[in-house]
Amino acid sequence: MSENTEVVVLGGGYGGVKAANRLARRAGVSVTLVNPRPDFVERIRLHQLVTGSDDAVESFGKVLGRNVRLVVDTATLIAPAERRVSLAGGTTLAYDHLVYAVGSGACAPGVPGAAEFAHAVADLDAARRLRSALAETPATAPVTVVGAGLTGLETAAELAETGRHVTLVCGGVLGPSLHARGRRSVARRLAALGVRVLEGAGTRVTEVTRDAVRLDDGRDVPGAVTVWTAGFGVPDLAAHSGLTTDAHGRLVTDATLTSVDDDRIVAAGDAGVITGRPFRMSCQAAVQLGTGAADTVLRRIAGKSPAPVRPLFAGQCLSLGREEGVTQFSYLDDRVNALHLSGRPAAGVKEIVCRSTLRQLVSGARKAGSRAVRDDTPDPRRNVPA
Ligand SMILES: Cc1cc2nc3c(=O)[nH]c(=O)nc-3n(C[C@H](O)[C@H](O)[C@H](O)COP(=O)(O)OP(=O)(O)OC[C@H]3O[C@@H](n4cnc5c(N)ncnc54)[C@H](O)[C@@H]3O)c2cc1C
């Protein structure tokens with residue numbers, strides 16, 4: 001190995017940025033982060049983008065240390081034997097260690113008509129398209145949100161608070177990851193916002209058309225706009241590169257986040273999965289896994305054995321519109337307990353979590369050589385053309 005160690009981080013989301021900043025603090029380690037767009041996307045605010053209370057974008061100049069070289073491009077293939085990554089722009093990057101942090105986005109619904117007629121909120125482009133579609137739709141027209149996981153609940157509430165007539169189609173239980181008590185609080189808030197909730201048997205969507213969704217009990221739910229929020233999917237880069245992935249396409253790793261195929265590749269965030277210990281895809285896990293991935297690489301560079309990574313969870317924070325929310329507390333292993341907070345205090349908790357997550361990244365950037373932490377202007381020197 002050369003004296004200078006080259007680390008390439010694929011993906012500039014929560015996990016990738018956290019890992020890159022941490023790695024870039026170490027002398028003798030050069031860090032290159034590859035991301036398709038020149039800005040950091042705050043995915044946990046994308047439902048706010050849809051209604052216009054936030055743009056969900058921050059400058060990489062704010063969250064990425066100056067010691068990290070940013071390449072605005074998309075990785076198309078990893079060649080582990082040659083330790084190279086091909087980029088869509090036509091160049092390749094050589095690495096000594098690779099951090100796989102390509103995250104997640106909307107998953108393919110697998111229901112007739114959904115790809116054609118349903119919108120998503122799970123990535124920036126999709127959320128912007130949804131915002132445009134809503135802008136062209138009369139305010140009184142019905143809107144259908146499919147999926148009652150956290151993203152669906154937040155999206156339905158956010159839309160209803162702006163006066164939209166929202167039907168939430170659960171396809172089963174409302175808020176399956178919540179405790180029954182937390183679930184009841186969410187249901188009360190949705191009722192207060194006027195959201196019509198269809199849950200339980202017979203509410204799985206079997207088809208989406210231009211102006212309705214069809215349920216498996218035969219009912220049609222009319223809607224001018226349909227938003228599909230049922231589940232996240234991951235990029236197929238790892239599978240396409242011949243690396244071992246699980247049924248969802250996540251890179252399979254051991255407890256140190258190291259790929260089971262290659263100890264030069266580690267995963268961070270939604271795009272990876274630890275054998276036998278899958279985590280709920282979340283920003284909460286991604287930032288911790290970013291730290292863990294960086295530490296695994298740094299220990300290997302130092303000739304030491306990496307340590308197992310153990311992310312700890314505190315709960316699930318939901319904003320239900322701008323005014324209220326629900327905070328579902330959990331045990332450290334992410335199993336929910338009976339404690340929850342609702343109303344305005346919970347909305348406050350969610351906002352604190354969003355801000356403190358960003359602050360964590362800004363603080364990491366400062367330690368990795370950022371000079372102007374509050375400077376929103378991207379530094380063109382760090383945008384290396386592909
Ligand atoms: C509306 C909404 C609300 C949410 N709220 C919460 C919440 O309150 N709490 C919580 O814990 N989680 C929440 N989440 C989930 C959370 O946003 C994700 O779990 C988190 O973003 C995962 O972080 P990550 O770093 O793994 O990936 P991401 O944040 O998805 O970042 C991955 C990055 O990799 C880039 N990338 C993709 N493919 C490539 C490629 N081939 N080459 C290079 N780069 C690539 C992507 O463009 C992206 O920039 C929410 C999600 C949504 C959509």
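The values are calculated or read from the model by the stated rules, or taken from the named source; none is laboratory data. Computed from a predicted model, the values in this text were never measured in an experiment. Backbone-built Cβ (ideal geometry, glycine too); neighbour counts: all protein chains shown.
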Of (1) surrounded by fewer than 20 Cβ atoms within 10 Å (Cβ to Cβ); (2) within 16 Å of the ligand (Cβ to nearest atom); (3) more than 27 Å from T258 (Cα to Cα), P80 satisfies every one except (3)
Where residues in the range 297-330 are under 22 Å from the mean Cα position of the chain (by Cα) and of a type in the set (S, T, Y), which of them is nearest to A156 (Cα to Cα)? S319
How many of the residues making up the range 275-331 are surrounded by 14 or more Cβ atoms within 10 Å (Cβ to Cβ), of a type in the set (A, V, I, L, M) and under 19 Å from G16 (Cα atoms)? 11
Residue satisfying condition, being farther than 30 Å from K304 by Cβ and part of a strand (DSSP E or B), within set V213, V186: V213
Please verify whether the range 122-140 includes one or more residues that are farther than 20 Å from V221 by Cα, assigned by TED's automatic domain parsing to the domain that holds R210, over 22 Å from the mean Cα position of the chain (by Cα) and touching a residue at least 40 places away in the same chain (Cβ under 8 Å). no
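Yes/no matrix, rows are residues, columns are (1) out of contact with any Cys (no Cβ under 9 Å at 6 or more places or on another chain); (2) modelled with pLDDT of 95 or more:
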residue: V336; (1), (2): yes, yes
residue: S342; (1), (2): yes, yes
residue: A347; (1), (2): yes, yes
residue: T357; (1), (2): no, yes
residue: L361; (1), (2): yes, yes
residue: N383; (1), (2): yes, no
Checklist (1) more than 13 Å from the ligand (Cβ to nearest atom); (2) buried (at least 18 other Cβ atoms within 10 Å of the Cβ); (3) acidic (D, E) applied to E136, failing item: (2)
Within the range 233-272, how many residues are in a strand (DSSP E or B), under 17 Å from the mean Cα position of the chain (by Cα) and surrounded by fewer than 22 Cβ atoms within 10 Å (Cβ to Cβ)? 1
So, of the residues in the range 278-293 that are in contact (Cβ under 8 Å) with a residue 60 or more places away in the chain, of a type in the set (G, A, S) and within 8 Å of the ligand (Cβ to nearest atom), which turns out to be farthest from R83 (Cα to Cα)? A286
If you go through the range 19-47 one residue at a time, how many are among the basic types (K, R), in contact with a Gly (Cβ under 9 Å, 6 or more places away or on another chain) and near the ligand (Cβ under 8 Å from one of its atoms)? 2
Of all residues being of a type in the set (G, A, S) and in a helix (DSSP H, G or I) in the range 292-316, which is nearest to R181 (Cα to Cα)? Just the residue, please. G292
For the range 171-181, which positions are surrounded by fewer than 24 Cβ atoms within 10 Å (Cβ to Cβ) and outside any helix (DSSP H, G or I)? G171, G172, V173, L174, P176, S177, H179
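Consider R374 carefully, then state whether it is among the basic types (K, R), away from the ligand (no atom under 15 Å from the Cβ), loosely packed, with under 13 Cβ neighbours inside 10 Å and modelled with pLDDT of 50 or more.
Details: among the basic types (K, R): yes; away from the ligand (no atom under 15 Å from the Cβ): yes; loosely packed, with under 13 Cβ neighbours inside 10 Å: yes; modelled with pLDDT of 50 or more: no.
In short, no.
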For V50, work out the one condition from (1) assigned to a helix (DSSP H, G or I); (2) in contact (Cβ under 8 Å) with a residue 24 or more places away in the chain; (3) more than 11 Å from the ligand (Cβ to nearest atom) it doesn't fulfil. (3)
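Could you look through the range 264-277, keep only residues that are of a type outside the set (A, V, I, L, M, F, W, C) and within 13 Å of the ligand (Cβ to nearest atom), and pick out the one that is nearest to L150 (Cα to Cα)? Please lay out each step first, then the result.
Going residue by residue through the range 264-277, those that are of a type outside the set (A, V, I, L, M, F, W, C) are 264, 269-270, 272, 275-277.
Pick out the ones that are also within 13 Å of the ligand (Cβ to nearest atom) and you get 269-270, 272.
On the way: G269: 18, D270: 15, G272: 20 Å.
Across the range 264-277, the extreme among qualifying residues is D270.
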Within the range 12-35, work out how many residues are in contact with a helix residue (DSSP H, G or I) (Cβ under 9 Å, 6 or more places away or on another chain) and in a loop (DSSP other than H, G, I, E, B). 5
For the range 150-164, the count of residues that are out of contact with any helix residue (DSSP H, G or I) (no Cβ under 9 Å at 6 or more places or on another chain) and either in the same structural domain as A56 (by TED's automatic domain parsing) or surrounded by fewer than 20 Cβ atoms within 10 Å (Cβ to Cβ) (or both) equals 1
With respect to A94, determine if the residue is surrounded by fewer than 18 Cβ atoms within 10 Å (Cβ to Cβ) and near the ligand (Cβ under 9 Å from one of its atoms). no
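Filter the range 332-360 down to the residues that are more than 11 Å from the ligand (Cβ to nearest atom) and β-branched (V, I, T), then identify the one that is surrounded by the fewest Cβ atoms within 10 Å (Cβ to Cβ).
So the first thing to find is which residues in the range 332-360 are more than 11 Å from the ligand (Cβ to nearest atom), and the list is 332-333, 335-348, 352, 355-356, 358-360.
Next, from what is left, pick out any that are β-branched (V, I, T): 336, 352.
On the way: V336: 20, I352: 12.
Across the range 332-360, the extreme among qualifying residues is I352.
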Given (1) more than 18 Å from the chain's Cα centre (by Cα); (2) modelled with pLDDT under 95, index of the condition P176 fails: (2)
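So, R45, is that one surrounded by 16 or more Cβ atoms within 10 Å (Cβ to Cβ) and part of a helix (DSSP H, G or I) or not?
In short, yes.
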